[in-house]
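The structure under discussion appears below in the form of structure tokens.
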Amino acid sequence: MPTRTTEAEILTIKQVAGYLKVTERTIYRLVAAKKIPAFKVGGTWRFSRADIDRWIKQQSMEGLATGGDGDDTVDGQSNDGERK
């Protein structure tokens, strides 16, 4: 049986929230806005760790390219759910 690598790991909403250090609600908002790579299995959202890692790199590069100000809000709310 092959060993499970981090690259092939599939994560739940809760695991992605923990990995990104945000609330589960923030992950649901990102998914609804199609701003984070996700797919459904049996009606529940799942995430490939490899896709999430690529997404993180992409977000970092876009922030550098645009001179991002660190505003990581979704629909006018910060990752901790507070209004900006």
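Bear in mind these aren't lab numbers, they're just calculated from the coordinates by the rules spelled out. Bear in mind the structure is a predicted one, so any value in this text is a computation, not a measurement. Because the Cβ atoms are built from the backbone with ideal geometry, glycine has one as well, and the counts that use them run over all protein chains shown.
What is the packing order of peptides 56-65, 16-25, taking the mean over residues of other C-beta atoms within 10 Å and listing the highest first? Could you put the intermediate results ahead of the total?
On the way: 56-65: 11.0, 16-25: 15.4.
Packing order, densest peptide first, comes out as 16-25, 56-65.
Taking 25 Å as R0, compute the FRET efficiency from the Cβ-Cβ separation of Thr44 and Leu64 and round it to 0.05. List each step's numbers first, then the result.
On the way: r = 34 Å, r/R0 = 1.36.
After rounding, the FRET efficiency stands at 0.15.
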